[in-house]
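Structure, as structure tokens:
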Amino acid sequence: MHKSTQDIINMKKRKEKISVVTGYDYTLASLCDKAQVDVLLVGDSAGMVMLGYENTIPVTMDQMCMFTEAVSRARKNSLLVSDLPFMSYQTSIEDAIRNSGKLIKAGADAVKLEGGSVMAETISSIVDVGIPVMGHIGLQPQTTVLSQGYKVQGKTKDTALRLIEDAKKLEEAGVFSIVLEMVSHEVAEIISETINVPAIGIGSGLGCDGQVLVVQDLLGMYDKIKPKFAKRYMNLSEDIVKSLESYREDVASGTFPAEENWFLMDEDELKKLREHIGG
């Protein structure tokens with residue numbers, strides 16, 4: 001039985017740190033689940049990592065449903081949360097509920113959306129129909145980058161107070177957890193201590209209740225963007241390129257495929273074939 005949202009809340013109560021990995025495909029999600037990562041997050045960052053977009057804005061509901069379905073077929077143990085993409089929930093509460101339902105039907109256990117106090121009513125409405133919601137404040141890739149670019153949030157007293165208030169409003173609206181992206185370490189720690197639901201940090205320091213990283217970042221597979229907060233546990237991109245170069249060289253030299261890589265006819269059948277074609 002896979003983890004529930006209540007399991008994640010209980011981890012905070014027990015002061016257990018929560019591991020979250022953002023993944024998008026069956027193969028890597030299977031490995032994340034096998035590693036017993038607590039939460040698999042199907043992020044709209046798939047647009048950049050998997051589809052080559054410059055940012056998350058072009059990602060569609062259909063694409064998010066496709067990625068969610070793939071990951072849902074892989075997971076057995078982890079909680080599965082899926083992002084609502086840009087303009088799938090901002091237009092109306094009805095759209096937010098409808099599109100949340102699509103992600104649940106695609107296999108998600110919960111949805112994630114960006115925004116502070118302004119999104120509280122929308123979140124409450126989604127929760128009221130029985131769909132768990134993960135909040136997301138601090139840097140909001142869908143909108144913050146349009147006006148500010150990628151900048152650390154909560155570096156002044158006033159911006160810190162707004163973030164703290166946003167976190168409280170989201171908790172009141174019924175979220176089961178909140179992602180804090182690129183929030184100053186001090187403010188993230190205060191938020192984590194202030195709210196009763198888990199605060200999941202990404203570039204927000206050690207004081208959070210859990211951490212989230214993109215699996216391609218931690219495996220060293222995505223070189224286009226190298227955020228400061230992403231720790232590389234491997235450098236698979238180099239190993240993959242070297243392996244592909246070796247494959248190309250083996251094909252060019254004729255050393256691949258070798259005899260152990262191909263299949264043979266029965267000798268009698270081969271003899272009959274050659275006699276038939278005059279060989």
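List of remarks:
- Note on segment 222-263: residues that are surrounded by 10 or more Cβ atoms within 10 Å (Cβ to Cβ), in a loop (DSSP other than H, G, I, E, B) and among the aromatic types (F, W, Y) amount to 4.
- Considering segment 14-73, and only residues there that are among the acidic types (D, E) and out of contact with any strand residue (DSSP E or B) (no Cβ under 7 Å at 6 or more places or on another chain), the residue that is modelled with the lowest pLDDT turns out to be E54.
- Meets criteria (free of Cβ contacts under 8 Å to residues at least 60 places away in the same chain and farther than 24 Å from L28 by Cα) for I137: yes
- Filtered residue count, segment 49-63, keeping only those that are within 13 Å of the chain's Cα centre (by Cα) and free of Cβ contacts under 8 Å to residues at least 40 places away in the same chain: 1
- Qualifying positions in segment 102-132 - closer than 20 Å to I200 by Cβ, among the aliphatic types (A, V, I, L, M) and over 22 Å from the mean Cα position of the chain (by Cα): A120
- Filtered residue count, segment 176-218, keeping only those that are within 21 Å of V71 (Cβ to Cβ), touching a residue at least 24 places away in the same chain (Cβ under 8 Å) and not in a strand (DSSP E or B): 5
- Inclusion of Q6 among residues that are surrounded by fewer than 24 Cβ atoms within 10 Å (Cβ to Cβ), within 23 Å of G210 (Cβ to Cβ), at pLDDT 95 or above and of a type outside the set (S, T, Y) is warranted.
The values are calculated or read from the model by the stated rules, or taken from the named source; none is laboratory data. What you are looking at is a predicted structure, and each value in this text was computed from that prediction instead of being measured. Heads up, the Cβs are rebuilt from the backbone with ideal geometry, glycines too, and the neighbour counts pull from every protein chain shown.
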